[in-house]
Structure formats: C-alpha cells, structure tokens
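The values are calculated or read from the model by the stated rules, or taken from the named source; none is laboratory data. None of these values were measured; they are calculated from a predicted model. For neighbour counting, all protein chains shown are included, and Cβ atoms are generated from backbone atoms with ideal geometry for every residue, glycine included. Accessible surface is based on the protein model in full, side chains and every heavy atom, while ligands, DNA and RNA are left aside. Shrake-Rupley method; radii C 1.70, N 1.55, O 1.52, S 1.80 Å.
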Amino acid sequence: MTDDSPNQAMVSRRAFLVAGGAGVLLLSAAAWAKAPAGRETSFGAWLRISPDDTVTILMAQSEMGQGISTTLPAALADELGADWPRVVTEWSPFDPAYRHPQYGWMFTGNSESSSTFYPIMRTMGAAAREMLVTAAAARWKVDGATLAVAKGVVSDAASGRSASFGELAEAAAKLPVPAAPKLKLDSALTLIGRAQPRRDIPAKTDGSAIFGIDVAMPGMAVAAIRRAPSPGGKLEHYDEKAILARRGVLAVVEIPSGLAVVADRYWTAKRALDEGGLVFSAGPMAGYSTTSQRADHAARLKSAEFMTKKKKGDASARLASRPTPIEAVYEIPVQAHATMEPMNCTAHVTADRCELWVPTQGVDITQAVSRQMTGLRDDQIVINRTLLGGGFGRRLLADFVRIAIIVATAVDRPVKTIWSREEDITYDAFRPPMTHAIRATLGADGLPAAMAHRVVSPSHMLYIFPRTKLGNPPAPWDAAIAPPRAYDAMAVEGVAEPSYDIADYLVEQNFVETPLTVSVWRTTGHGPNNFALESFVDELAHIAKQDPLAYRLALAKSDARAVAVLKAVAAMSGWGAELPPGHGRGLALAKAFNGYCAQVVEVRVADRDVRAVKVWTALDCGKTLDPGIAASNTEGGIVWGLSALRTEVAFENGMPVQTNFDGFEPLHLWETPRMETRFIESGANIGGTGELGPVPTHAAFANAVFAASGHRIRALPLGRHGLRLI
C-alpha cells in the first residue's frame, strides 16, 4: 500500500496505530516526516512539543462556529496531561493522515467530528504521554508506573524529581510508539465533560480572527463575479472597453456562465460589472419554476415508479384492506445555505505552485479540484484553511475554489475572488425540494398497525459524488460510493429507521432528476423527513384521541434512549400544564447523527402571527464532551431550524425569486425564543449535536401551531398558509 491509503499495514515510531470506531487508521509517514518549525519535536501527525513546553495540536476539522477547535484539542491535551494554557492549535495540511477513517476523505460535516476524531485524539494523547513517561523513567532509572503526569510535567513523588514535556520531548520521540496505549479513566479527566472557554471566541470578539474574506497580502488583487441570473446560462456580450476604462480595474476574465473583474478593491470590480453591459442567454434552468416542480412531485405521487428502501411486514396489503386509510402529503421547499460569509477564496497560481487561502469544509475535494484545474502534483498544492463564517454543508463543495483558480491563473498575482450575496444565493447548491405522502391505518389501541411512506426527492449527494470518477489517480471517494440509482439514502434517512415499532412498515422513494443544483444542507435529509414523520405521528395521536407524549412513548417503548429523551423533555417543559389563551405546545422526537433528541416548542398564535415563545430540548449524544459548546450548537441549530420556517428560494422562469436577505430573512435576535437544553449521558457511542438540534424543530413547531389554533402545517414555509413567524 502507498502512503495515500488510510489502511497502511505497518506500525513504527513513524506511524501511530489508532483504533477508531469504524476500524483502524494509521498515520502516514509523510505527515510524520514533515519538519516542524524551529526545534519542535513531532509526535506523529497531530502533536508537536517545543523546548519552551508549548504543545501544538493540529486540527483536521474546520472551525465554522461549532467549537471543534476547542473540543478536540482539549481531548488530546487532557489525555496527554498537558498544561491547557500552554496548548496552541493550528490547521493541519492536506494529508492522508487526517482523512476520515471510514470514508477515506478529509472533510468536516455530518456532525461527525467528535464521533470520529475524539477516540483518535485520546489515543494520540495517551501514546505520547506513555512515551514521555518512558523517557523520564529511563533518565531517572525508575519504574514508569510510579511516575505522575500533570500540567505538562512528569514527576517522581518518591525522589521529588520532575521534568517538563519540553525537556523530555526529544528523547521521548525516539522511543517505540505504543501500539495500544492505555487511556485514562473518565474520572481522571479534567477538561473533557466540562465546559471550556472556546479558543476561537476572543479573536472573533476583538476582530483579529481571520476568515477567508479577511485574507490580505502584498500585491493581492480582488475579483468580483457576475453570472447568468438563471443558473447555467451563457454570457453573450459585455463591454470590455468600458470595464477596463474604470480606474482600478486590472483585468477581465471569462468564467463559466459569466465574467470576473479583477481590481484593486472589491467595490471597484463590482461597480465595473454593474456598468459592463453584460447580456446573458437562458441555460438549462429555462422554464423551471417552483410551481412546475410542485406539480411534477404531485404527479409522481400518483403514477411514478417507486423503489423500496425498507419493507417490514406487508403494509401495502394491510392498507388496501382498509377502505379509508389516514393520508397526508407534506411539502418541503428549496433552501439556500446563505452563510453570513459569502463564498470566497484567495488563490495564487504559478507554473509550479498553487496556493489557496480558503474557508473550506471539504479539504480533499478542494485538493482534487486544484489538481484538476492546474495539472499540478499534490505536493505543489498548498491549502491554507481559515475560519469559516458558516458552512452548513455549502463549503463542503469546491465550485468557488474552481472559479478562484480560473481567475488567479489569468493574472500574475494573488487574487481574492468574492461572491456577492446575489451570486451566493443564485449559484448555491440548494437543499432539494421534497414531497412526502404517508398513509396509515390504526389498530384497536389507536397506534399505527401499518404505515407506508413515499418520498419524492432529488439526490442530496449526487452533486458531490457523481457517478464518474473525478480524476487520475481517482479520488478516494470515487464512483463506488455515489448514490445508487434506486434511491438516495439521505432522501429516506430518519424515516427508514425510526424509533417507532410498527408491525407493517414500508418506505419508498421516487428519484427525481432535476436541473437544479442540489446538495447537503444542515440536517441533511433528517430535517425534512422528520418534519413529515413527526407531523404525521401527531395527526395520528389526535385522531386516536391520545396525548402526543403518551402516544410516542407507546410507539417507542422498545427504544430506551428514545423513551429517555421523551420523558426528560416532558419533565423539563412541564408537559400537560395549562397554557394562556392562544398558546400551544408541540412535541417531536428525532433519531439522527448517532444521537436522540426530543423537543417541545411553545408558540403564541394571534390571528396570522406566530411567535416561538420557548424551546425545551433533551438530547442524548452518548457522551457530552463539552456541555457548554454542545448547548450552543444545539440552540444555534434550533435558531437555524426556526429560520427555515419562513425562508425558501422559489423559482420563476429558471431564476430564483429570493437573492438576498430582504427576501430570505433568517430569524433575528429579538425574535429568538428562550431555550433550555439538557443532556442525557447514556454512555452510547458519541454522536453529534450541531445537526441534531434542529432536526425536530419544524415538526415540534408545526404541532404547537395546531395545538394553539387547530391549523395543520403540511407545507413549508409558513407563508404558504398565510402565517407569519414574528
């Protein structure tokens, strides 16, 4: 095997053996061999120790507000026994050592940073600690088992001797690497399980933090871009002379579907585009509209072929035997990511080097695109990651990197390419529109005896993983893991494996080929699918004349973790308490991202105005590594979910109607409800919080609206019902 393989077959002091939840990861010799700055000593790909006792921990995962740049380094430092104030972090380079051991590519997303890299960080810390202890024991000629490690110092209580990490590092790094280092007991940990001040907050507060859009360097130019208002259209004409005549404009570069203007500053480039007489023709989106999309989905529900994802018993036969099954159709709209920091990338491309400064979730994809665009080798491509001003899945892609490389290649200097908000939304990789049709019949106990769930949806993943290989050599995620033609797992996730025990259960999908560019969006398929399932379960409880909480507890009685979060959120919220007039509470349960989440939302409805008053959340992510950061992730996700109750991107004549925040309006601070979050320590494998928190929000909110007003929400956004979220 080569160094590029995540499953190398040999172990040495140049390669730590790491036991992860999905298998075995060996750190590449290439990563180990990279020379650290100054006299720092490397302990594998993740850790360096300097003579002044500074411990440097490298971060494979990108920081986009989820706090991972605190939590994962804390895990390694805690296991190592480092002095936390003397620990610093830096972004890891592109290297096979930092790839996700299950998927074989380097990315941040799917709420998997903690679940994947926490055990790796612990093992790295434990191995380095044992090596430092062994070095001290050899120096003092004592048994290493008698030595203690704390705050960056190895000490011998019997003799009173001690040595700092910096004093021991060089000798320790020459020792054999423990193949199976012994981890500390949880009771011995001092950082994990406790809220830590976030490492990224001070710089974000004082303005010194560097996001992609903040990158600056000598000789750097800035580019603005303009593309066809209907995605994929063609640039037919522009006035190049008028653009170049504007003072400060340096170059004009044609890009796919449009034009880039390079200037000494962004606003100069943007105004030149405004006055450049750009004329576009329609592209593949011509004729596409939200109205036609909804009609197409409705027609598919009636007559299209559906492929089976899950079949338990014979739901079709059971439903056919009942003359009037309970039925409902739910519609979920197109959503933009609308990250607060619009897409941007700084690139400097020469004949033998491509260097990027980029806020990216998808390091491997960025590397592959850079290789394809430049023809350079991996070692000639340098990716400098920055902080991300929001990711939500959008920055997993590298289309914005591709354009930056095109622009930078055309000029002999570094160029920062910035997308306007209109470009950012128009050329987003949207959350796909989905339509769900659910039918059920109830047994004598009022619980569903049979349920059939049909999903009409494009693929969430096909844009990321096309059914053709991306390059030569092929990328590690090649066509073998592209979504199957029968169904897209994300389109049915959450409904194909619910916590509810239903004797006859069927899940099917109709795969939609669409000209719209669609991809992953925070909560992936879990969010929209949960809205349909949990709204329908609430309808069934109402028809059965049963309390929504009791109904779910009965349905989920065989799933202990589901029952625990339901009971916890009921206790937190005082479920069943009398409410003021116009108020209502709704409940929803989610199982997603290796965790469980139950949520109660209280709303106040006055005529057509709806306000979220309070949200209670009980969440089981197995083990809560940092309760403060986990709560922030959960509650930030809830705000994200509430925002999507009133936002959508609708299309007319192939063009998006909403292209800025005047039409795509997230929740404001003054509209944010009070929130209370509680974590249940089940001891299960670690799950995520950032994407799990908002999964049940839509259903819980919609169920609360029904409780307050008797109005069922089966289609989003709320504006389709004449309701206004305030």
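Results, tabulated for the structure shown:
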{"read-out": "Strands (runs of 3 or more DSSP E) enclosed by the stretch 231-293 - at least 1 residues per element that are closer than 19 Å to Ala404 by Cβ and of a type in the set (Asp, Glu)", "value": "249-255"}
{"read-out": "Hits in the stretch 640-685 - residues which are open to solvent by 50 Å² or more (accessible area, probe 1.4 Å) and on the phi > 0 side of the Ramachandran plot", "value": "Asn653, Gly683"}
{"read-out": "Selection from the stretch 569-578 of residues that are aliphatic (A, V, I, L, M) and surrounded by 14 or more Cβ atoms within 10 Å (Cβ to Cβ)", "value": "Val569, Ala570, Met572"}
{"read-out": "Test: Glu534 is closer than 24 Å to His711 by Cβ, at pLDDT 95 or above and in contact with a strand residue (DSSP E or B) (Cβ under 6 Å, 6 or more places away or on another chain)", "value": "yes"}
{"read-out": "Identity of the residue in the stretch 261-273, open to solvent by less than 10 Å² (accessible area, probe 1.4 Å) and over 19 Å from Val215 (Cα atoms), that ends up nearest to the chain's Cα centre (by Cα)", "value": "Leu273"}
{"read-out": "Pair list, Cβ < 6 Å and 6+ apart or interchain, from the stretch 209-234 residues that are closer than 21 Å to Ala286 by Cα to residues that are assigned to a strand (DSSP E or B) and among the small types (Gly, Ala, Ser)", "value": "Arg226/Gly258; Arg227/Gly258; Gly233/Ser281; Lys234/Ser281"}
{"read-out": "Near pairs, Cβ below 6 angstrom, 6+ apart or cross-chain, from the stretch 681-700 (part of a loop (DSSP other than H, G, I, E, B)) to any residue that is acidic (Asp, Glu) and buried (at least 21 other Cβ atoms within 10 Å of the Cβ)", "value": "Ser682/Asp620"}
{"read-out": "Those residues of the stretch 688-714 which are modelled with pLDDT of 95 or more, open to solvent by 10 Å² or more (accessible area, probe 1.4 Å) and small (Gly, Ala, Ser), in sequence order", "value": "Ala707, Ala708, Ser709, Gly710"}
{"read-out": "Answer from Pro176, Pro229 - the residue that is more than 28 Å from Ser62 (Cα to Cα) and touching a Lys or Arg at 6+ places or on another chain (Cβ under 6 Å)", "value": "Pro176"}
{"read-out": "Answer residue from the stretch 63-87, given it is open to solvent by 10 Å² or more (accessible area, probe 1.4 Å), in contact (Cβ under 8 Å) with a residue 60 or more places away in the chain and aliphatic (A, V, I, L, M) and is nearest to Pro51 (Cα to Cα) among those", "value": "Ala82"}
{"read-out": "Selection within the stretch 246-260 - farther than 16 Å from Glu423 by Cβ and open to solvent by 70 Å² or more (accessible area, probe 1.4 Å)", "value": "Arg246, Arg247, Leu250"}
{"read-out": "Breaking point among (1) open to solvent by 40 Å² or more (accessible area, probe 1.4 Å); (2) in contact with a helix residue (DSSP H, G or I) (Cβ under 6 Å, 6 or more places away or on another chain); (3) of a type in the set (S, T, N, Q), for Gln196", "value": "(1)"}
{"read-out": "Candidate set from the stretch 634-674 (those that are part of a loop (DSSP other than H, G, I, E, B) and small (Gly, Ala, Ser)); member that is nearest to Val600 (Cα to Cα)", "value": "Ala644"}
{"read-out": "Subset of the stretch 274-305 [modelled with pLDDT under 95, crowded, with 16+ Cβ neighbours inside 10 Å and either touching a strand residue (DSSP E or B) at 6+ places or on another chain (Cβ under 7 Å) or hydroxyl-bearing (Ser, Thr, Tyr) (or both)]", "value": "Gly283"}
{"read-out": "Enumeration of residues in the stretch 55-108 that are over 21 Å from Asp626 (Cβ atoms) and outside any loop (DSSP other than H, G, I, E, B)", "value": "Pro96, Ala97, Tyr98"}
{"read-out": "The stretch 207-228, residues that are surrounded by 21 or more Cβ atoms within 10 Å (Cβ to Cβ) and more than 20 Å from Glu341 (Cα to Cα)", "value": "Ala228"}
{"read-out": "Residues that are under 19 Å from Ser111 (Cβ atoms) and of a type in the set (Val, Ile, Thr), drawn from the stretch 362-413", "value": "Val363, Ile365"}
{"read-out": "Output for the stretch 41-92, where each listed residue is at negative phi, among the acidic types (Asp, Glu) and touching a strand residue (DSSP E or B) at 6+ places or on another chain (Cβ under 7 Å)", "value": "Glu63, Glu90"}
{"read-out": "Check on Thr517, under 19 Å from the mean Cα position of the chain (by Cα), open to solvent by 20 Å² or more (accessible area, probe 1.4 Å) and either at pLDDT 95 or above or aromatic (Phe, Trp, Tyr) (or both)", "value": "yes"}
{"read-out": "Some residue of the stretch 390-398 being farther than 30 Å from Arg294 by Cβ, in contact with a strand residue (DSSP E or B) (Cβ under 8 Å, 6 or more places away or on another chain) and not polar (S, T, N, Q)", "value": "no"}
{"read-out": "Test: residue in the stretch 327-336 that is part of a strand (DSSP E or B), open to solvent by 20 Å² or more (accessible area, probe 1.4 Å), under 27 Å from Val639 (Cα atoms) and not polar (S, T, N, Q)", "value": "yes"}
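The rows are residues; the columns are (1) among the polar types (S, T, N, Q); (2) surrounded by 18 or more Cβ atoms within 10 Å (Cβ to Cβ); (3) more than 22 Å from His711 (Cα to Cα).
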site	(1), (2), (3)
Ala541	no, yes, no
Asp547	no, no, no
Lys567	no, no, yes
Pro580	no, no, no
Ala618	no, yes, yes
